[in-house]
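The values are calculated or read from the model by the stated rules, or taken from the named source; none is laboratory data. No experiment lies behind these values; they were computed from the predicted model shown. Because the Cβ atoms are built from the backbone with ideal geometry, glycine has one as well, and the counts that use them run over all protein chains shown. Only protein heavy atoms, including side chains, enter the accessible area calculation; ligands, DNA and RNA are left aside. Shrake-Rupley method; radii C 1.70, N 1.55, O 1.52, S 1.80 Å.
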Amino acid sequence: MPVTSFMVPLGTPAPGFDLPAVGGGHLSLDDIKGAPATLVVFLSNHCPYVRRIEAGIGAFAADYADRVTIVAIGSNDVVNYPDDDAGHLAEQAARAGFTFPYLIDETQEVARAYRAACTPDFFLFDGDLRLAYRGEFDDARPKNDVPVTGASLRAATDAVLSGTAVPEPQHPSLGCGIKWKPGNEPT
């Protein structure tokens, strides 16, 4: 059953994180701050909503590489969803052309701090790391023929980069619910 974003209030500061990266090392929010825009996206390998747009996310990253810092976070319970473990996330990154860090949120604390609800779930922050956009990538879904363009996220990103407010309404992302470990479900 599809789940939608919680639609966190605009202006919310980006919660900090320090997480291991697929392929080794760690990355924190402090390591990536300073860009005119920062995108934090919660993804998974197994979700058909993510699979439908993952190449489009890779294309978005290539198009905005010199202006937007991007980081993906995998927060699913890998014991019950082993297709979302580090090895499978690395395969996904290669398949989809991801050129950005893919982090592992094993404790799920970062997903809870961001109030992430689904995969994919997009959080675009301005240069001051204040939330400017949360919502869908575009209108493409697993059961429709809408082309994957990233139109919603691209329009939001262009607004942030030009220093203007992202227009309302912002439409929530739709995807597979984050696979929470027992007791970690948001309240």
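Residue count for the range 69-95 satisfying the condition of being of a type in the set (S, T, Y) and open to solvent by less than 40 Å² (accessible area, probe 1.4 Å): 2.
Name the single residue that is most open to solvent (accessible area, probe 1.4 Å) among those in the range 1-30 being small (G, A, S) and in contact with a helix residue (DSSP H, G or I) (Cβ under 8 Å, 6 or more places away or on another chain).
Let us first name the residues in the range 1-30 that are small (G, A, S), namely 5, 11, 14, 16, 21, 23-25, 28.
After this cut, where a residue has to be in contact with a helix residue (DSSP H, G or I) (Cβ under 8 Å, 6 or more places away or on another chain) as well, the list is 14, 16, 23.
Details: A14: 18, G16: 57, G23: 88 Å².
Ranking the qualifying residues of the range 1-30, first place goes to G23.
Within this structure, P182 passes the test of being surrounded by fewer than 14 Cβ atoms within 10 Å (Cβ to Cβ) and assigned to a loop (DSSP other than H, G, I, E, B). On the stretch given as the range 17-28, residues that are touching a residue at least 60 places away in the same chain (Cβ under 8 Å) and either part of a loop (DSSP other than H, G, I, E, B) or closer than 22 Å to T187 by Cβ (or both) total 3.
Being at pLDDT 95 or above and either under 22 Å from Q92 (Cβ atoms) or of a type outside the set (S, T, N, Q) (or both) is a property that A65 lacks. Here T187 fits the description: farther than 26 Å from P20 by Cβ, at pLDDT below 95, outside any strand (DSSP E or B) and polar (S, T, N, Q).
Look at the range 164-184: where a residue is over 22 Å from E109 (Cα atoms) and a partner is modelled with pLDDT of 95 or more and of a type in the set (K, R), sitting 6+ places away or on another chain with Cβ atoms under 9 Å, you get Q170/R134. Counting only residues that are surrounded by fewer than 20 Cβ atoms within 10 Å (Cβ to Cβ) and at pLDDT 95 or above, the range 36-51 holds 3 of them. Filtering the range 137-158 to residues that are open to solvent by less than 10 Å² (accessible area, probe 1.4 Å) and in contact with a His (Cβ under 7 Å, 6 or more places away or on another chain) leaves nothing.
Residue check: K33 meets all listed conditions (1) surrounded by fewer than 15 Cβ atoms within 10 Å (Cβ to Cβ); (2) at pLDDT below 95 but one, namely (1). Scanning the range 99-135 for residues that are under 24 Å from G56 (Cα atoms), open to solvent by 30 Å² or more (accessible area, probe 1.4 Å), assigned to a strand (DSSP E or B) and not β-branched (V, I, T) yields one hit, D126. Residues in the range 42-78 that are assigned to a loop (DSSP other than H, G, I, E, B), without any contact (Cβ under 8 Å) to a residue 60 or more places away in the chain and in contact with a helix residue (DSSP H, G or I) (Cβ under 6 Å, 6 or more places away or on another chain): N45, V78. Of everything listed in (1) under 21 Å from G11 (Cα atoms); (2) in a strand (DSSP E or B); (3) not hydrophobic (A, V, I, L, M, F, W, C), the single unmet condition for P169 is (2).
Just checking, does the range 144-160 include any residue being within 14 Å of the chain's Cα centre (by Cα), of a type outside the set (A, V, I, L, M, F, W, C) and more than 13 Å from L39 (Cβ to Cβ)? No, every residue in the range 144-160 fails to be within 14 Å of the chain's Cα centre (by Cα), of a type outside the set (A, V, I, L, M, F, W, C) and more than 13 Å from L39 (Cβ to Cβ). When A116, A62 are checked against the criterion of being under 22 Å from D128 (Cα atoms) and of a type outside the set (V, I, T), A116 stands alone in meeting it.
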